[in-house]
Every structure is written in C-alpha cells, then in structure tokens.
1. Can you tell me which residue among Ala135, Ala131 is at pLDDT below 95, touching a helix residue (DSSP H, G or I) at 6+ places or on another chain (Cβ under 6 Å) and surrounded by fewer than 24 Cβ atoms within 10 Å (Cβ to Cβ)?
2. Between Gly280, Gly264, which is out of contact with any strand residue (DSSP E or B) (no Cβ under 8 Å at 6 or more places or on another chain), touching a residue at least 60 places away in the same chain (Cβ under 8 Å), within 20 Å of Ala135 (Cβ to Cβ) and surrounded by 12 or more Cβ atoms within 10 Å (Cβ to Cβ)?
3. Would you tally the residues in segment 38-93 being aliphatic (A, V, I, L, M) and open to solvent by 20 Å² or more (accessible area, probe 1.4 Å)?
4. Scan segment 516-535 and report the pairs whose first residue is acidic (Asp, Glu) and open to solvent by less than 50 Å² (accessible area, probe 1.4 Å) and whose second residue is assigned to a helix (DSSP H, G or I) and modelled with pLDDT of 75 or more, with Cβ atoms within less than 6 Å and a gap of 6+ or a chain change.
5. Can you confirm whether Ser266 is within 12 Å of the chain's Cα centre (by Cα), small (Gly, Ala, Ser) and more than 30 Å from Phe209 (Cα to Cα)?
6. Basic (Lys, Arg) and within 25 Å of Trp247 (Cβ to Cβ): is that true of Arg274 in this structure?
7. Kindly establish whether Pro331 is touching a helix residue (DSSP H, G or I) at 6+ places or on another chain (Cβ under 8 Å), part of a loop (DSSP other than H, G, I, E, B) and surrounded by 17 or more Cβ atoms within 10 Å (Cβ to Cβ).
8. Would you point out the residue of segment 509-536, among those that are at pLDDT below 75 and not in a helix (DSSP H, G or I), that is farthest from Gly489 (Cα to Cα)?
Amino acid sequence: MTGLSPQQVGQPGLLSIGQAAGQGGARAFPWVTLTLVGVLLGVQGALVLRGPVDVDALVRWGAKAGPLVLEAGQVWRLVTANLLHRDALHLALNVVVLAAAGVALEKVCRRRDYVALLVAAGLTTMASSLAWSGAVSVGASGLVYGCMGALLVLGRRHRSHAAFRVRWLSGESAIPTVLVFLWMGWTSVGVDNAGHLGGLVTGLLAGAFLEPRELEGMTRPGVARPVVGVLVAIAVATAVVVERSGWRVERDDGFGVAVVMPQGWSGEVDGQGRRTFSNGLPGLGRATFSAEAIEAGEPGDGLAQARHFQEETLPLGVPGPEGRTLSVQGPQSTQVGGRLALRLRAELDGPAGGKRLIAFFVPRGEWVYRLVFIWPAQWPEYQDVVSRMVAELRFDEPSVLREARGRALLSPGAAGPQRELGAVLRRLGASRQAIVPLTEAVRLSPSHVGARVELARALLDAGRVDEGCHAADEAEVYGPSDTGALEAGVRCELSRGALPRALERLERARRVDPQDARLRAAEAALRAVLETSAPHPSQESPRQGGVLEGGRRLIPRP
C-alpha cells in the first residue's frame, strides 16, 4: 500500500511472496484469489485509460482520503482504496505476492473463511491508515500482509501435522521475510506502514482461529467464525472513524475570532497576516477557510470590502488563484456570530474540478473581518461542514483589548492606561463602552488633547452628537493647532449635517498642516459633494463616521 501526499510520493512497500504457491489442496481451485487479481488488473487498466494516474485521479476513483471519509461520510473508501494502485510497479508487486500467498491460503482453508479474512484485512488496513494519517493512500498490500500473517500463525500452530502441506510458506520460515520487508517499509518514504501493520495484525489474529480444511474432519463448520471476524473488523473501522471525526475550537487571540472545525484541519499564517486552514488534500476534495482582519480606518458596513473582493478576486470569466469564476451572488445581508455581515457566494471552475465559495464581511468598529470558505462542488456534503463552521463562529475579545483592560485595572489612577483602553474599545466598535475610560482619562489629565479627541469621536460614534461636539470644541481649545482636534470638529459638523461649516473647519485644519494627504483628500471629497449636489441643510443625511450619503468617505483611512 502506498501513501500519497502533495509533497512527495514514495515507492510502494515490498512484500514477502514465499517460495511458491502450488502445494496445498489440489481439489480447491483458487477462483477467489484469481478473481481478486483480475479485479485489481481491470481497475488499474480502466484507471490508466482515463488519463494520468495522479492523486486527483485516485481520489476520484475511491482512494482513502481522510477528510472525505470523516467529513463527507464516504466510509466506502475504506474498501475501494484496496483496489487502487499508484503505478504498474506498485500493482505488479502486490499481484505477485497475492497470487502466491492468497492461492496457498485459499487452497488450505475454507473459502468463506478466506473471503472473511480478505474483507477484514481490507477494512482494518485502511482503518489503521486512517487512524495514523488522513493522507491519500491506496493499494492491496494490506490484503497481502493479512494473508501472510494468517499463513505464518497457521503454519506455526500445525507444524507437527503431516497433512498440513504449506509449512514451507508459513510458520518460522516466513518470519525473517516479513520482518525484513516491514523494516524496508519503515525506512522508505511514502509507504503507508500503518496500513501494513493493520493488515498483518489482522492476519495474525485470524490465523489463530483458522483451521485447514484437511483437519476439520467430517463435521461441517458453521458461518459464525467468518461473520464474527468481519463484524470485529467493521467495529474497529467504525471506532476509528468515530474517534477521528471530532471537532475542535480554533481561537485566534489577535483577531478575536473562535471557529469550530474538523480536528484534522491544519492552519498556517501567510506573509500578509491571513490565517488559513485546510483539510490537507492537495487538489480534488480540498476545502479551506481563511480569516483576515482589514483595517478600514472608519466605522463601516463592509460593503466597500465586499465589492473590492468581488472585483479583485472574483471577476467573471477570469482565472484566479482558486479557479475561473462562473457566477457570483450578492453581496447580501446576513449575520455571523451575532453580528451584521455581508455575504458573497460564487461558483468556480478550477483544475481539480468545480468549487463553491462563500465569503463573509463582518464589520467590527474600524475593522472588517473577511472570512472565506471554499469547498469542492463534487461533494455537497461539505456544505454541512461549512454551515456548522459559520453557525458556531464567535467573536471574542482580541488580545490587544484584553491587555488594555489589564493595564487599566493595574493602574486605575493613571490617565494613560484609561486612554489606551478607551481608544481600543472605540476602534473595535464599542464606542459606548469607551466613553467611561476616556472620560476618566480626561479627568485625570485635562490638558491631554489626544484623550479629548478620542472622547469626542467615541461620543459622536455613539450618537451623542451634542456631547461629542462639545468635547471636540474643548479639544480644539486645548490644542488649537492640533490636526486631530480640528478633525474632531469636522466630524462634529458632519454629524450635524452642516457640510459648509465642515468644509470651513477642514480648511482650517489644512492650513495647519498643508502636507497632510488625508486632510487634502477629505477636502477634495467634500468640495465635490457640495459642488455636485449642493443640498439644503435640512435634506442632508450624512452617515456617522465620516461617510456621506452615497458611500463617499470624507475622512480617509489613516
């Protein structure tokens, strides 16, 4: 059996084939073994005729892929993976050994016992592989190890019986060969040794209960023994699937996000600070989740980020990192983690097949969280996985807020920690909560202009316009040449809907700092609004946070 991964593909493990297979009960024609060999050859031939035999092709035909077994419920792969092989050499080695060991065992034992052994060995082989790793794995090596293990114990148990005629292929003579090739598997790259051991252990256990047909006497044994063997293998496979199908909670203190995901998913952080998690498959069957916090600079609804993502990442008909975009729906209003959000849906066509994409844009103060889920369209069961991840996603306190709270508690009489806590709360959208520590910071340090500016912004963001404008005026008194204080006055006039007065105060700020690009851009935007619409003050309805009706932002992000 060979384990495949996107990084490297190793050589298939070599198996013991003994010396020959033609000794044993000539009356029993080994049609089970020969049929199985024919199926292996036929499946490989059909696979080769369909194109290159790569990882995606093996997954499409039923390879053991942990995420698809555990998350999409495709437990049938624990059976079909035994019939697939990576290449001709892998197939040839397994077929040769199976023809030798399998024929010998089939001639010695009853067929029902032999078939039960093959089924049990196939299930436990792939279950052992799944317990060790969720990577893609294929091959009939586990079946062969099962046959060799059964022959080994069978020969040891009946070594004194002259009627038992496969001693040369079993018992102590097979031990060195099995150990040598197990050692070769452990020291090779890309060999699924967990599956090999699972098949071998199954064969060893089965050999303790098998009886050669020549020694069973005149009685006609029942079907209890093979049925029990298969049921035990099914129980083992079920236990592995249940144990590996758990979910875990992944928390990011920096983002303040907690999301549940299948326990086999792994994550990484790219160079842009984006957290990405995936189910580990390289192509076909791959599912991913990525989270990114985008600083918007002003409180917003995420619409600008949703449109930017659609234009930059999902242009119709244009190939992108995840494939060519076929269709896009949205943005639509929804809720994520108890917060208002916008949602985009898209259908993609990539090299590994169709994909589904759903992206959420969740405002949180001056930040917009972009959460993107991508999964294979071929297996709609992943929709349930994504739905659970979205339904149970939660927003926690980010580490920066937790640290600010700690410093404020440790120094209750210091203005700096109170000011820092209030500023963090305001930037995270908790403006009402920010008012208390910012008011305390102003009381402790009345001459600190920055604290008064933050208090004015928190009051304005909370909808307390009169108090916010009063705080902005006091900030300007203490800092007549401070651009932050002058900008707070501009926000006050915008909140009142007095655009001409906002322009006047903005011009004053520009005279103080002519080189400030943000103020220059804000002045140009405000002049454009006044020149094109010239609305009556009673008809003006600007949105809070420096954004006018129509979505034009007057105070750009810093």
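The values are calculated or read from the model by the stated rules, or taken from the named source; none is laboratory data. Please read all numbers here as calculations on a predicted model, not as lab measurements. Positions of Cβ are backbone-derived with ideal geometry, glycine not excepted, and every protein chain shown enters the neighbour counts. Side chains included, ligands, DNA and RNA excluded: accessible areas come from the protein's heavy atoms. Shrake-Rupley method; radii C 1.70, N 1.55, O 1.52, S 1.80 Å.
1. Working: Ala135 fails: touching a helix residue (DSSP H, G or I) at 6+ places or on another chain (Cβ under 6 Å).
Criteria check complete, one pass: Ala131.
2. Numbers: Gly280 fails: out of contact with any strand residue (DSSP E or B) (no Cβ under 8 Å at 6 or more places or on another chain).
Going through Gly280, Gly264 in turn, the sole match is Gly264.
3. Taking segment 38-93 and keeping what is aliphatic (A, V, I, L, M), we get 39-41, 43, 46-49, 53, 55, 57-59, 63, 65, 68-70, 72, 75, 78-79, 81, 83-84, 88-89, 91-93.
From the residues that got through so far, the ones that are open to solvent by 20 Å² or more (accessible area, probe 1.4 Å) too are 39, 41, 43, 46, 48-49, 53, 55, 70, 75, 79, 83, 88-89, 92-93.
Result for segment 38-93: 16.
4. Note: pairs meeting the criteria are Glu523/Leu506; Glu523/Arg510.
5. Answer is yes for this residue.
6. Values: basic (Lys, Arg): yes; within 25 Å of Trp247 (Cβ to Cβ): yes.
Yes; evaluated as a whole, the condition is true for this residue.
7. Working: touching a helix residue (DSSP H, G or I) at 6+ places or on another chain (Cβ under 8 Å): yes; part of a loop (DSSP other than H, G, I, E, B): no; surrounded by 17 or more Cβ atoms within 10 Å (Cβ to Cβ): yes.
It is false that Pro331 is touching a helix residue (DSSP H, G or I) at 6+ places or on another chain (Cβ under 8 Å), part of a loop (DSSP other than H, G, I, E, B) and surrounded by 17 or more Cβ atoms within 10 Å (Cβ to Cβ).
8. The qualifying residue farthest from Gly489 (Cα to Cα) is Ser533.
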